[in-house]
Ligand code: PMP
């Protein structure tokens, strides 16, 4: 019997609970100044590149890599003053979050986010089959503790997300807000886990990392993509209680971290000083940009990250985005996102890129 042609085959439908889901996109266009994806504007140090290629030459490619990535975990643990068994590493912090949600969310469980926030938290939670409840942040995008109380009380989520500094707003959750949220999670009628996504943590003046220990239901995720200038390596991790890390290790695929990535990350940890220098530079450029933008007719959201959310006054966000693009400057258009009408987000770049952005913005706003 002839095999049916592909066009005649009825396509297998996706899972019912995924049929309405949209993918996560960040459109790219060719421009001179690209400030839309919160990457580092600088490549990693040249000496890292050399050390990396030297070690790559000695990899035994016919063997599986170290399954538990022990050297890399030890290095990250040393950096944060925790034990290696409190560190879980994966392919970008997105995969860290995915593993957390595969392990602790899923059908019949609830995940809470406080909006606006990083869209992948809710997106990945839905992919696991969990129910997502969206709490609201205050009008200035800070956490509203009364709302946290309401959402946690009403829904008893198994996983509660905070994102600090938050993407796309740049707002840092205060120490007292994170503590209060953790207390609410820990005191709930059902056991829950608080995930603080600190992809931009190094640019801020508060981190929840110091609050992690084996007796509190808190994990903090970080990435090598931003401050470590290694978005191309896809490497992220979390610091959390040993019992959480043990469960994640059971769920993640065996040998998920390839040999090259383990080397890349381990060697990067030798360059903490270079990384901190970049962070200082980006923070000072962020402050310079924020001040200059504040002198135009623009509302600027105070940022603790390597990007700035802003809303032009009296002009459509989309129109300003197009005006910047016409001048070959690409920023992220958030103007169509819920709760972010007319908002745009610019990533802090090199001094030259930032100047071009400011010049273009001044022209568009004139
Ligand atoms: N969390 C937040 C808040 C982010 O903005 C990003 C990157 N866009 C990530 C996690 C994921 O980063 P990565 O997978 O590159 O580590």
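The values are calculated or read from the model by the stated rules, or taken from the named source; none is laboratory data. As the structure is a prediction and not an experimental result, all values here were calculated from the model. Quick reminder, even Gly has a Cβ in these numbers, built from the backbone with ideal geometry, and neighbours come from all protein chains shown.
At a glance:
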item	result
Tally, over the range 190-205, of residues that are within 13 Å of the ligand (Cβ to nearest atom) and either assigned to a loop (DSSP other than H, G, I, E, B) or in contact with a strand residue (DSSP E or B) (Cβ under 7 Å, 6 or more places away or on another chain) (or both)	8
Scan of the range 135-166 for residues that are closer than 27 Å to residue 302 by Cβ, more than 16 Å from the ligand (Cβ to nearest atom) and in contact with a strand residue (DSSP E or B) (Cβ under 9 Å, 6 or more places away or on another chain), ordered by number	135, 136, 144, 147, 148, 150, 151, 152
Selection within the range 206-243 - away from the ligand (no atom under 16 Å from the Cβ) and either part of a strand (DSSP E or B) or closer than 12 Å to residue 96 by Cα (or both)	218
Single match in 329, 320 (criterion: surrounded by 20 or more Cβ atoms within 10 Å (Cβ to Cβ) and more than 30 Å from residue 235 (Cβ to Cβ))	320
Total residues in the range 210-239, condition surrounded by 18 or more Cβ atoms within 10 Å (Cβ to Cβ) and over 20 Å from residue 308 (Cβ atoms)	17
Hey, residue 328 at pLDDT 95 or above, in contact with a strand residue (DSSP E or B) (Cβ under 7 Å, 6 or more places away or on another chain) and farther than 21 Å from residue 167 by Cβ or not	yes
Answer residue from the range 288-317, given it is in a helix (DSSP H, G or I) and surrounded by 14 or more Cβ atoms within 10 Å (Cβ to Cβ) and is farthest from the chain's Cα centre (by Cα) among those	292
Among (1) buried (at least 20 other Cβ atoms within 10 Å of the Cβ); (2) modelled with pLDDT of 95 or more, the one test that residue 254 misses	(1)
2 or more residues over 21 Å from the mean Cα position of the chain (by Cα) and more than 16 Å from the ligand (Cβ to nearest atom): qualifying helices (runs of 4 or more DSSP H) within the range 34-128	46-56, 70-80
Every pair of residues 6+ apart whose Cβ atoms lie under 8 Å, when the first sits in the range 213-242 and is within 17 Å of residue 160 (Cα to Cα) and modelled with pLDDT of 95 or more while the second is part of a helix (DSSP H, G or I) and near the ligand (Cβ under 9 Å from one of its atoms)	221/93; 221/96; 221/97; 222/93; 238/93; 238/96
